[in-house]
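Engineer: Quick one: the structure is below, questions incoming.
What follows is calculated from the coordinates using simple rules that are stated; it is not laboratory data. Computed from a prediction, not measured in an experiment: that's the story for all the values here. Because the Cβ atoms are built from the backbone with ideal geometry, glycine has one as well, and the counts that use them run over all protein chains shown.
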Amino acid sequence: MFYGLLILIFAVFIVRLFYVQVIKHEDYKQAALSGQLKQYSIPAERGIIEAYSGNSVVPIVLNEEVYTLFADPVYVADKKAVAEQLSKITGDKAKDYLAKMSKDTRYAVLAKKLDNKKKTAIEKLKFKGVGLRTESIRAYPQGDLAAQLLGFVNDGGQGTYGIEQFMDSQLAGTPGELKAITDIRGVPLVASKDNVLKDPVNGQKIRLTIEIGMQKKVEELLKEHLPTVNSKSGSAIVLDPNNGAIKAIANYPSYNPSRYFDVKDAALFTNPAVSSPLEVGSIMKTLTVATGLNSGAIKVNQTFYDPAQFTVDGYTIHDVAEDGGAQTRSISDILKFSLNSGATWIMMQLGGGQINEKARKLDYDYLTNHYFFGQKTGVEQGYEAPGVVPDPSEGFGLNIKYANMAFGQGLTVTPLQMAAAFAATINGGTYYQPHLVDDGKGAASKIKKQNIISPKISAQLRSLHENSVNTHYTSLIHPGYKIGGKTGTAQIAGSNGKYRTDVFNGTFIGYIGGDKPAYVIMIRINEPHVSYFAGAAAAAPLFKKISDMLIDNFSIPRAD
């Protein structure tokens, strides 16, 4: 009986062992490994950003290896002593390290972005429970050049502002996966290629249309110019009108992208040339004349009687005293003498002699479907703003609103929108989408719309613009080159909804070239304090400095 019971018990053990070791072998094997198998992310290398420097291409944003110092407090025996030793190397406070290691955590990050010298010194200490993790951060070999255009990568590895934000998915790549057997502390015991589940896909390299030498000079000229006109901020754009490639965008003030975390005001991160719309003032007359000519409402050699003021919806629109008062005027005079009454007269011609719904709808069509205001250009920048074009059929005081819009008040556009639209009116009528990314084979131009105005009207406009410079803005002349442009002195709306009378913004839009325009230059000077009109006194002189620099340094063909 006793032996029979022993045999039965032994048989049960045999069956149980067979069940565990054979039938359930794989299940228990996976359960045993689950505590030892851990999945690790293999970071993808972020794509570099490069730009043109003469005939070569050089990096403007690179990746640099830095190190994160961390600790597993469970394995740090003397936390105070370790904190003190580490702080001597990093320069941080020992009490901060001690506080972090005293928390209920197995992974305490003590310091970030340590360089190789500090990494080596820490490794020599061989502290148990203390480790270093290699990470990649952005490096800027060109310093703070084009900071707002570029943006930065935050501590979470996310592209923020500028091109880093707009093209984050292309630049970031895709992390890989590594599965490694670990000990009970989570330290990998096996780290071989056999454990890679998925290789990382590195980010794309991106080439910009920016010309580094040009960008540097435009930034320098802008920064040097602003104090001379008592302004604290401004922007300048250089655009190739023949393909939409942006060659330079300068803003001041700016910041150092490698020290973005030191910036107190986040507004400094945005690129005002694309994110800050404004009422551009009289430079809008260049497009009002283009609309009038191309629609057939006016003729280039036409004259008209200008009473020097018009009353619209009970409001009086008038010219400045220096414009000479009521007299017979030409279309050229509207641009040359910046006549508000002349721009209003063109708006009246769009409606058959008066500002009405027909005039408003026709102007709105040109503003939105020819010049593409009120919508983003699609330039590769985070936080681009669309601006505002008032609806021609809804709201109050529409006629006076559209009269004001004819000379650049009452609607808002960004400097880049204005540059792109103006470029299309003087390049033969083709609107190229402004862009910052090059395909590596030259500018990756994209035609958004052809014949926004006819080639004939475009040629007439160039003649008008050049005549304005040659007879009225003579300080801008550079012998051997064709230069055309227009000033703008823009009113600024106050908090009470009324325009201020103490400050204005200065703008200038123009082009330089030989037999055809080579560059469009857009200038914005915020609230300069000058003795006469902000456009002429503050913005035009900077156009002159930039245009001379381009002619002297960037091989613009001379006119025949």
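Engineer: Under 20 Å from the 7 Å Cα→Cβ point of S495, by amide nitrogen: which residues of region 525-551?
Structural biologist: Backbone N within reach: 527.
Engineer: Taking the highest mean first, how do the peptides 242-251, 62-71, 344-353 order by number of other beta carbon atoms within 10 angstrom per residue?
Structural biologist: So the order, starting with the most tightly packed, is 242-251, 344-353, 62-71.
Engineer: Using every Cα-Cα pair within region 427-488, state what percent have a distance larger than 20 Å.
Structural biologist: In whole percent, the long-distance tail amounts to 49.
Engineer: Next question, about the same structure. For a footprinting-style exposure proxy, rank Y366, Y481 by other Cβ within 10 Å, fewest first.
Structural biologist: With the sparsest Cβ surroundings first, the list reads Y481, Y366.
Engineer: For K217, list the aspartates and glutamates whose Cα falls under 20 Å from its own Cα; do not include residues on the same chain fewer than 8 positions away.
Structural biologist: E50, D144, D240, D548, D552
Engineer: In whole percent, what relative contact order does region 451-560 give with Cα contacts below 8 Å and a gap of six or more residues?
Structural biologist: 23 percent
Engineer: Now a separate question. Can you tell me the alpha carbon radius of gyration of the chain divided by the globular rule-of-thumb value 2.2 N^0.38 Å?
Structural biologist: Against the empirical 2.2 N^0.38 Å value, I get 1.35 for the chain.
Engineer: Give the angle, between 0 and 90 degrees and rounded to the nearest 10, that separates the Cα long axis of helix 212-225 from the longest principal axis of the Cα atoms of the chain.
Structural biologist: So the helix axis and the longest Cα principal axis differ by about 60 degrees.
Engineer: Any idea what % of Cα-Cα pairs in region 42-204 are farther than 26 Å?
Structural biologist: 44 percent
Engineer: On to the next question. How many nm separate the modelled label positions at D439 and N55, each set 7 Å beyond the Cα in the direction of the Cβ?
Structural biologist: According to this spin-label approximation, the distance is 2.4 nm.
Engineer: Additional query: Just report the Cα centroid separation between region 89-121 and region 545-560, whole Å.
Structural biologist: Cα centroid of region 89-121 versus Cα centroid of region 545-560: 54 Å apart.
Engineer: Would you calculate a helix-derived [θ] at 222 nm for the chain, using -39,500 (n - 2.57) for each DSSP H run of n ≥ 4 and dividing by the full residue count, to the nearest 500?
Structural biologist: Helix-only estimate at 222 nm: -9500 deg cm²/dmol.
Engineer: Averaged over every viewing direction, what's the projected area of the C-alpha convex hull for region 435-560? Give it in nm², one decimal, please.
Structural biologist: Averaged projected hull area, Cα only: 10.7 nm².
Engineer: When only alpha-carbon atoms are used, what values of Rg and Dmax, in angstrom, describe region 248-354?
Structural biologist: 20.1, 60
Engineer: So which of K88/K117; K446/K486; K446/K544; K285/K448 end up more than 19 Å apart, counting from Cα to Cα?
Structural biologist: Distance filter (> 19 Å) returns K446/K486; K446/K544; K285/K448.
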